[in-house]
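Heads up: the structure comes next, in structure tokens.
The values are calculated or read from the model by the stated rules, or taken from the named source; none is laboratory data. What you see is a predicted model, and the numbers here were worked out from it, not measured in a lab. As a convention, Cβ positions derive from the backbone with ideal geometry for all residues, glycine included, and neighbour counts pool all protein chains shown. Surface accessibility is based on the protein's heavy atoms, side chains included, excluding ligands, DNA and RNA. Shrake-Rupley method; radii C 1.70, N 1.55, O 1.52, S 1.80 Å.
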Amino acid sequence: MSKTVLVTGGAGYVGSHCCKAFSEAGWRVVVFDNFSRGWRDFVQFGEVVEGDLLSPEDLDAAFETYKPDAVAHFAAFAYVGESVEQPGLYYENNVMGTVRLLDAMAKAGTKQIIFSSTCATYGVPEKMPMTEDLPQRPINPYGMSKLFVEKVLDDYEVAHGIRSVKLRYFNAAGASPDGEIGERHEPETHLIPLCIEGVLNDTFKLTIFGDDFDTRDGTCIRDYIHVMDLADAHLKALDYLEAGGASDAFNLGTGTGTSVMEIVEAVERVTGKPVPRSVGPRRPGDPPALVASAEKAAQVLGWTPVQSGVDRVIETAYGWHLKEIERKTAR
Ligand code: UDP
């Protein structure tokens, strides 16, 4: 009989791609989402419960009905700027929501959780590439809310024996190669979708947030990791916990940095169209470079990214955007 994974935030960007990977690997997938920021058309790979993490009743009912063997926890707010303006929203939703989830797990006896963490928990790193043992000093409430959850998870292991894998993503990007699900945010603030917007929409112009950083071309360097590679890492983390693996944290990145200008050029290369742009001021809180060391995930989880070349990331992202336009016109 297949095992069941409850996926909070399974209607979101990374969550929905992970549901696809879990379901293809034979897991029974149950999405738990309140659809405040998720998308109903992204729920294609299992059952769905409409529920809220802040509601113990909703959670208890879901655990009682589905008796999940493990939880994959994606549901969270993830806009840095919004977190600075409304920290309470982030501590309530991201931290308290997780506390409620863990209480429901403790009550139901579900002892394994994969947590969607972030490189934003490191703040401005002291060295590159970034290893998991670097000090975690977030510079905004979003990163702090994720770091709090990492700590809460450790406390729930001591108290309730819940083992956790914390996956610290670098820059999730790309889309499912079949074009069925992809990166859709409202509002969209991420670099690659905005470059594609520039290609597809005559009236849109990208602003490059600063070209005076101490980097090879003056623009910020990030580590773009294909969302299907992220999904594969989650699957491997589930297997790791199922096999009795100890709680741990892993960076998920490629080990290669790409600058904003290099992304713009790659989008132009892949699509064959110009990305209209201008240079604006730096965005507050943007570190010059964030590049993962992906060695620990390779060694312990046996995970290596295979789809994460920048051109492949952009090709799949662009493919999904074109299909979105087709779907909208067909409606
Ligand atoms: N960026 C930019 N213009 C935009 C959006 C992003 O220059 O309109 C830059 C941003 O400063 C960062 C990189 O692109 O260096 C990736 O930003 P994104 O918001 O995609 O991800 P983040 O690194 O914030 O998680």
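Computed quantities for the displayed model
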quantity: Yes/no for G309 being closer than 23 Å to G81 by Cα and of a type in the set (G, A, S); calculated: no
quantity: Checking V275 against (1) surrounded by fewer than 22 Cβ atoms within 10 Å (Cβ to Cβ); (2) outside any loop (DSSP other than H, G, I, E, B); (3) of a type in the set (V, I, T), the condition it does not meet; calculated: (2)
quantity: Any chance D202 is assigned to a loop (DSSP other than H, G, I, E, B), open to solvent by 10 Å² or more (accessible area, probe 1.4 Å) and farther than 30 Å from G319 by Cβ; calculated: no
quantity: Filter result for G255 (on the phi > 0 side of the Ramachandran plot, touching a residue at least 40 places away in the same chain (Cβ under 8 Å) and away from the ligand (no atom under 16 Å from the Cβ)); calculated: yes
quantity: Residue tally, condition over 28 Å from P305 (Cβ atoms) and either of a type in the set (A, V, I, L, M) or out of contact with any Ser or Thr (no Cβ under 7 Å at 6 or more places or on another chain) (or both), over the stretch 128-147; calculated: 0
quantity: Within the stretch 38-82, tally of residues that are within 16 Å of the ligand (Cβ to nearest atom) and either farther than 23 Å from T118 by Cβ or in contact with a Gly (Cβ under 8 Å, 6 or more places away or on another chain) (or both); calculated: 3
quantity: The stretch 288-303 residues that are polar (S, T, N, Q), paired with ones that are part of a loop (DSSP other than H, G, I, E, B) and within 12 Å of the ligand (Cβ to nearest atom) (beta carbon under 9 Å, 6 or more apart); calculated: S293/G253
quantity: Hits in the stretch 278-317 (condition: in a helix (DSSP H, G or I), farther than 30 Å from G244 by Cα and open to solvent by 30 Å² or more (accessible area, probe 1.4 Å)); calculated: V310, D311, R312, E315
quantity: Some residue of the stretch 217-228 being in a helix (DSSP H, G or I), within 16 Å of the ligand (Cβ to nearest atom) and open to solvent by less than 10 Å² (accessible area, probe 1.4 Å); calculated: yes
quantity: Residues (hydrophobic (A, V, I, L, M, F, W, C) and either over 17 Å from F42 (Cβ atoms) or modelled with pLDDT under 95 (or both)) located in the stretch 154-193; calculated: V158, A159, I162, V165, L167, F170, L191, I192
